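> Structure provided below as structure tokens; questions to follow.
Read-outs: derived from the displayed coordinates by stated rules, not from any lab. Since we're looking at a predicted model, the values are computed, not measured. Please note: Cβ atoms are built from the backbone with ideal geometry, for glycine as well, and neighbour counts cover all protein chains shown.
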Amino acid sequence: MTTLQDCIALDVQDPLRHLRDLFSLPEGVIYLDGNSLGPLPKAAPERIARAVRQEWGEGLIRSWNTAGWFELPQRLGNRIATLVGALPGEVVATDSTSINLFKVLSAALSIAHADKLSRRTLVSERSNFPTDLYIAEALCKERGMTLRLVEPDGIARALDTDTAVLMLTHVNYRTGAMHDLRAVTAAAHAVGALVVWDLAHSAGAVEVDLHGADADFAVGCGYKYLNGGPGAPAFVWAHPRHADRFWQPLAGWWGHAAPFAFTPDYRPAAGITRYMCGTQPILSMTALECGLDTLLAAEPLGGMTALRRKSLALTDLFIALVEERCGGRGLGLATPREHARRGSQVCLTRDEGAHAIVQALIARGVIGDFRAGRPDILRFGFTPLYLRFADVWNAAEHLREVLDSGEWRRDEFNRQQAVT
């Protein structure tokens, strides 16, 4: 069996171990929820305070020019591009994932309608993240189309000559299962459909190559693995072959070709800039810039390839430890074992008490989260920037103790909170 000393030895040998020093992590906490909210970069408080005191407080409106505020969406977008296989000038950081999805899905449906007038179906995964399905449902109702939801193993069979767009999340939020970006995109293109990818649980966690996969559109989240802080701006990408074909539906002034010309008519900017809408949240973007710094600090150490290698080692270890130490205690594994099909999280199932077990772990300082459904999920994210192999061993040991002691049955752990 793997011992704590074995894990400590792995940490000593870890070439990424010093990246942990970039974060403010509470003493005594094992943070396994970076797939919901990344932790605070140490540089962020001072950087945000400077933006408040100097750039806003002293520079006032002049800072749009003197502090580079106006170019922040593109500047951050270029940094995100390096993480997702896009090129400079193809990504902007802006708005939320849901809003960006509405933009690109609208554009994709417009392109599909223009190219194939008879196509009336939008295909997605039944277990896709709900906001993606809600946006798709609303657009389908508005356009008189059909939203077809299928199981993961039925996606290929669902693609046909009536499919206008396939919309998927690269890594499933509930299970951690990862689609083959290249193969799925190719299958959709083979029937003439476009593909919209949600990279919320991919960007900064797994290697992504949008151009290599010949993808059409993508959106992603800034507050998970990109460590941009609660409610951080999201990002949006459109393949250059599509970017200029249609207006996105939220034709705001920041997406205008000349926003300070103040003309009464809309003239969309070229390329990805047209996917912006209104004035950008500068303080939130400042925090996101600090989050991106933590990821790009891994570049000299092998970048996303090195982070992915460690992510797989951490998740392999957790799966093995749970099966060694918690076997026979009603836990199942929802996450694929195969590396090519696994994101950077491990999701366990249990018929009874999943929510309460997570709450008991949080009380011990092991922070994961719970996702309701059939089955209920205990979800643990593994961010290689700051997690240690010893943290994984200790997390599995706490899980064993919570199950063996029955402490999860206590009343305080069985009260449902607003956010799970």
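> Output wanted: per-residue J couplings in Hz (rounded whole) for region 9-19, from phi through Karplus 6.51 cos²θ - 1.76 cosθ + 1.60, θ = phi - 60°, x for Gly and Pro.
5, 4, 5, 4, 8, 6, x, 9, 4, 6, 5
> Let me know the shape class of region 36-92, please: from the alpha-carbon gyration tensor, a ≥ b ≥ c as square roots of the eigenvalues, rounded when a/c is under 1.5, otherwise prolate if a/b is greater than b/c, or oblate.
Taking the square roots of the gyration eigenvalues as a ≥ b ≥ c, region 36-92 is oblate.
> Work out, step by step, the length gained on full extension between ARG309 and ALA156: first 0.36 nm times the residue separation, then minus their alpha carbon distance; give nm to one decimal. Could you put the intermediate results ahead of the total?
Working: separation 153, 0.36 × 153 = 55.08 nm, distance 2.89 nm.
The span from ARG309 to ALA156 would gain 52.2 nm if fully extended.
> Collect residues whose amide H, placed 1.01 Å from N in the peptide plane, falls under 5 Å from the amide H of HIS256; neighbours closer than 5 in sequence don't count.
ALA269
> LEU333's amide H: which non-local residues (gap 5+, or another chain) put their own amide H closer than 5 Å, with H modeled 1.01 Å from N in plane and none for Pro or chain starts?
Result for LEU333 returns THR349.
> For region 76-165, what's the radius of gyration and Dmax over Cα atoms, in angstrom?
When restricted to the Cα atoms of region 76-165, Rg and Dmax are 14.6, 39 Å.
> Something else now. Which distance in Å, rounded to a whole number, links the C-alpha centroids of region 217-269 and region 19-39?
30 Å
> Ratio to report: Rg/Rh of region 1-141, with Cα atoms as the point set and Rh obtained by the Kirkwood method; give two decimals.
Ratio of gyration radius to Kirkwood radius: 1.09.
> Among (1) 39; (2) 49; (3) 36, only one was calculated for this model; which label is it, if the read-out is percent of Cα pairs over 32 Å apart?
(1)
> What are the semi-axes of the equivalent ellipsoid for region 153-269, taken as the square roots of 5 times the Cα gyration tensor eigenvalues, largest first, in whole Å?
Numbers: eigenvalues 161, 88, 24 Å².
Three semi-axes, in Å: 28, 21, 11.
> Sorting check: for 27-34, 161-168, 225-232, 330-337, which peptide has the highest mean count of neighbouring beta carbons within 10 Å, and how do the rest follow?
225-232, 161-168, 27-34, 330-337
> Please report the orientation-averaged projected area of region 244-341, defined via the convex hull of its C-alpha atoms, in nm². Please report the intermediate quantities before stating the final value.
Working: hull surface 45.7 nm².
Across all orientations, region 244-341 yields a mean hull projection of 11.4 nm².
> Right, next: Looking at region 261-413, what % of the alpha carbon pairs are farther apart than 19 Å?
Distances greater than 19 Å cover 64 percent of the Cα pairs.
> Continuing with the same structure: For region 138-155, what does the Karplus curve 6.51 cos²θ - 1.76 cosθ + 1.60, with θ = phi - 60°, yield as ³J(HN,Hα) per residue in whole Hz, taken in order and with x for Gly and Pro?
Whole-Hz 3J(HN,Hα) from phi for region 138-155: 5, 5, 5, 4, 5, 9, x, 10, 10, 8, 9, 9, 9, 6, x, 7, x, 5.
> Under a GNM of the chain (C-alpha, springs under 10 Å), which listed residue has the highest mean-square fluctuation: PHE70, PHE318, PHE235?
Residue with maximal mean-square fluctuation among PHE70, PHE318, PHE235: PHE70.
> Would you mind telling me which residue in GLU289, GLU338, GLU142 has the biggest mean-square fluctuation in a Gaussian network model of the chain, where springs connect alpha carbons within a distance under 10 angstrom?
Sorting by GNM fluctuation, first place goes to GLU142.
> Scattering from the C-alpha atoms of region 338-399 alone, worked out with Debye: what is log10 I(q)/I(0) at q = 0.16, 0.17, 0.25, 0.29 1/Å?
Normalising to I(0) and taking log10 leaves -0.54, -0.61, -1.15, -1.30.
> Within the chain, how many Lys pairs sit with Cα atoms under 23 Å apart, leaving out pairs fewer than 8 places apart on the same chain?
Step by step, the pairs that qualify in the chain add up to 7.
> Once you've got the GNM for the chain with C-alpha springs shorter than 10 Å, pick whichever of THR294, THR383, THR263 has the biggest mean-square fluctuation.
Among THR294, THR383, THR263, the largest GNM mean-square fluctuation belongs to THR263.
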